[in-house]
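Asker: If you scroll down you'll find the structure; I have some questions about it.
Please treat every number below as a calculation from the coordinates, not as lab data. Just so we're clear, the structure is a prediction, and the values are computed from it rather than from any experiment. In this analysis, Cβ positions are derived from the backbone assuming ideal geometry, glycine residues included, and neighbour counts consider all displayed protein chains.
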Amino acid sequence: MSLVDIAKLPTAENSAIHMNAKDNVAVARVPLAPGAVLKIDGKEIVARQPVPAGHKICIRPIPAGKNIIRYGQVIGAAKNTIEPGDHLHTHNVAYEEQTFDYEFPTGLKPLPSLPANIPTFMGFQREDGRVGTRNYIAVVAASNCAAHTAELIAQHFAGLNLPPGIDGIAAFPHGEGCAHTIGPDTEQLQRTLSGVMNHPNVGAALIMGLGCEVNQIDHYLGKNAPRTNRMVGMTLQGEGGTRAAVKSAIKAIEGMMDQMSAEKRVEVPATKIQLGLNCGGSDSFSGITANPALGYCSDMLAEIGASSILAETTEIFGAEHLLVKRARSREVAEKLLSMVAGYKAYLAQFKGSSFNDNPSPGNKEGGLTNIVEKSLGAATKAGTSQLNQVLEYAERITEPGFCFMNTPGYDPPSLTGLAAGGANLIAFTTGRGSAIGFPTIPVIKIATNTSMAKRMSDNMDVNAGRIADGEATVESVGREIFDMLLRVASGERTCAERLGHHEFVPWRIGPVM
């Protein structure tokens, strides 16, 4: 069941949104001045203080210490008595970590049967059965020492007329690859770089190293090669320096383009979509508009056997109990909880850190009081369908339907993990206007509120704020996103692509040596 009661969503004349019958708060749709009169469930509520748009207003008396309810879930406790009409935020809402009696599944739930009619898109069929929505050549730095060279190689091809069907030469510079501990941290980087090279949106790849880094290029060549053909490796030391390495790489890429020029888009079923789900720069409207609409789209993908992958472990904290009872098996549920426990242990290494550090100043200005409120809204991106797979960071996505990947909440490494896992599209919801993309994957930006969508129209592909305006529904915007996925998968460019966004940041988990 959805956390958002669709029947409670606003009409254009309403000034506040009361989403769930259990909620003792409503969300201001527009700024409320003191004395503003609201009608909520047939009762009049008079604002006692200014309430910014997206912020919460009390609709029932809440004694000190008692629970504050949003989405039908506890998001905190009252620091003092809160009266109807009061503004609720960090000044009077205490953060309290909840304990849950988890509803674990019994047995193994079946995967749903697929419908007879499955929509299609035009994509690049790969040898391993996956399908690309783009066709890039990736130039990947093995370490920071080769990052500039990777960029120089890609810059050589910028502005040139490439053979038809090739989308570009995408550089993957980064600051990692050396001064790593040998073990999980290096292994995670290797999994990440292998994932972006052996990706359905990548037709060929070149890895460039310095030659003496911890992350040796030999890991990616020969029997360890992430792809069986169209894979080249070289080092600056072996080629004789930066200029010589650039010259050799250009020659190798020109040969790759000759091979790739024969590839054409073909009609494929939409079951081949693997959609990464991410949010950044969230606000209080995220859990009312864009995230539920994306969740509706996610359910549509699950129904046809495609995959949608929720990320950001820091942004399911406080909502994990809702995902556990949707798990296909107890094993899947336990793995999800192990990700949360592992992240707690990770944070414990840094004294004074907690999940509640997650809401940024922008999140709070947008009305999100704490991590639990943020997580409950973020989790709605995953719709209501069954949780079929839980993945480590950058691990290959292999199951259809709703999946989860362990990533940070910080957008660049989160998108990088989804990409390395094989997501061939990413949908990104934002209320504050986060501007981000990825070198080889189309990122669809979905605005949570109309004000920001208009202000940053160059960056936004879909305005889900129309739901809060009373001009659209969760279902209609969800279908709009689904239809756009098919067009983008077939080649339509997103705003992030047109602007040239290409953020790539691997997640480093270990110390710097």
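Asker: Of G233, L210, T192, which is farthest towards the positive pole of the range 134-264's charge dipole, taken about the Cα centre with +1 and -1 on the beta-carbons of Lys, Arg and Asp, Glu respectively?
Answerer: G233
Asker: Along the Cα-to-Cβ line of K454, 7 Å from the Cα, sits a label point; which residues in the range 47-61 have backbone N less than 18 Å from it?
Answerer: So the set is 53-54.
Asker: Extending each Cα 7 Å along its Cβ direction at E331 and T398, get the distance between those two points in nm, one decimal.
Answerer: 1.1
Asker: How much net charge surrounds S143 when only the other residues with a Cβ under 14 Å from the Cβ of S143 are counted, with Lys and Arg +1 and Asp and Glu -1?
Answerer: Summing Lys and Arg as +1 and Asp and Glu as -1 gives -4.
Asker: Evaluate the charge dipole of the range 6-94 about its Cα centre and quote only its size in Debye, nearest 20, assuming +1 on the Cβ of each Lys and Arg and -1 on the Cβ of each Asp and Glu.
Answerer: 180
Asker: With the calculation restricted to Cα positions, what are the radius of gyration and Dmax of the chain in angstrom?
Answerer: Just the Cα atoms of the chain yield Rg and Dmax of 23.7, 78 Å.
Asker: Turning to a different aspect of this structure: Jot down the per residue volume, in cubic angstrom and as a whole number, of the convex hull over the alpha-carbon atoms of the range 451-499.
Answerer: Roughly 61 Å³ of hull volume per residue.
Asker: Which value, in debye to the nearest 20, describes the size of the charge dipole of the range 202-305 about its Cα centre when Lys and Arg Cβ atoms bear +1, Asp and Glu Cβ atoms bear -1, and nothing else is charged?
Answerer: The calculation lands at about 400 debye.
Asker: Pop out the ³J(HN,Hα) list for the range 312-323 in order, Karplus 6.51 cos²θ - 1.76 cosθ + 1.60 with θ = phi - 60°, rounded to Hz; leave Gly and Pro as x.
Answerer: Along the range 312-323, the couplings run 6, 4, 5, 10, 10, 5, x, 10, 5, 5, 6, 7 Hz.
Asker: Return the whole-Å distance between the Cα centroid of the range 446-492 and the Cα centroid of the range 89-142.
Answerer: The range 446-492 and the range 89-142 have Cα centres spaced 20 Å from each other.
Asker: Report, to two decimal places, the Cα Rg of the range 375-450 normalised by 2.2 N^0.38 Å (N = number of residues).
Answerer: 1.10
Asker: May I ask you to compute the full-extension gain from S476 to R498, defined as 0.36 nm times their residue separation minus their alpha-carbon distance, rounded to one decimal in nm?
Answerer: Contour length minus the Cα-Cα distance gives 5.3 nm.
Asker: Just name one of Y95, Y343, Y71: the one whose Cα is farthest towards the positive end of the charge dipole of the chain (beta-carbon charges, Lys/Arg +1, Asp/Glu -1).
Answerer: Positive-most Cα among the choices belongs to Y71.
Asker: May I pose another question? What net charge do the residues around R396 carry, taking every other residue with its C-beta under 11 Å from that of R396, with Lys and Arg at +1 and Asp and Glu at -1?
Answerer: Net charge in that neighbourhood comes out at -2.
Asker: Could you state the principal axis extents of the C-alpha atoms in the range 134-264, from the largest down, to the nearest angstrom?
Answerer: 43, 30, 22
Asker: Roughly how many nanometres apart are two label points built 7 Å out from the Cα toward the Cβ at N20 and A116?
Answerer: Each label point lies 7 Å from its Cα, and together they span 3.9 nm.
Asker: If you stretched the chain out fully between Q237 and D128, how much longer would it get, using 0.36 nm times the residue separation minus the C-alpha to C-alpha distance?
Answerer: Computed gain between Q237 and D128 is 35.9 nm.
Asker: A further question follows. Enumerate the calculated ³J(HN,Hα) couplings along the range 134-148 in order (Karplus 6.51 cos²θ - 1.76 cosθ + 1.60, θ = phi - 60°), each rounded to whole Hz, writing x wherever the residue is Gly or Pro.
Answerer: Ordered by residue, 3J(HN,Hα) equals 9, 9, 10, 9, 9, 10, 10, 7, 6, 7, 4, 5, 10, 5, 5 Hz.
Asker: Just the number: Rg to Rh for the range 273-499, Cα atoms, Kirkwood Rh, two decimals.
Answerer: 0.94
Asker: Points 7 angstrom from Cα along the Cβ direction at R60 and E97: gap in nanometres?
Answerer: In this crude spin-label approximation the distance works out to 2.9 nm.
Asker: Continuing with this model, one more query. Tell me what the chain gives for mean residue ellipticity at 222 nm when only DSSP H runs of n ≥ 4 count, each as -39,500 (n - 2.57), the sum divided by the residue total, rounded to 500 deg cm²/dmol.
Answerer: That comes out to -8000 deg cm²/dmol.
Asker: Still on this structure: Which one, Q155, A116, L221, is farthest towards the positive end of the dipole of the chain when Lys and Arg carry +1 and Asp and Glu -1 on their Cβ?
Answerer: Looking along the dipole axis, the top candidate is A116.
Asker: Subtracting the Cα-Cα distance from 0.36 nm times the residue separation, let me have the gained length for Y410 to D218 in nm, one decimal.
Answerer: 66.1 nm
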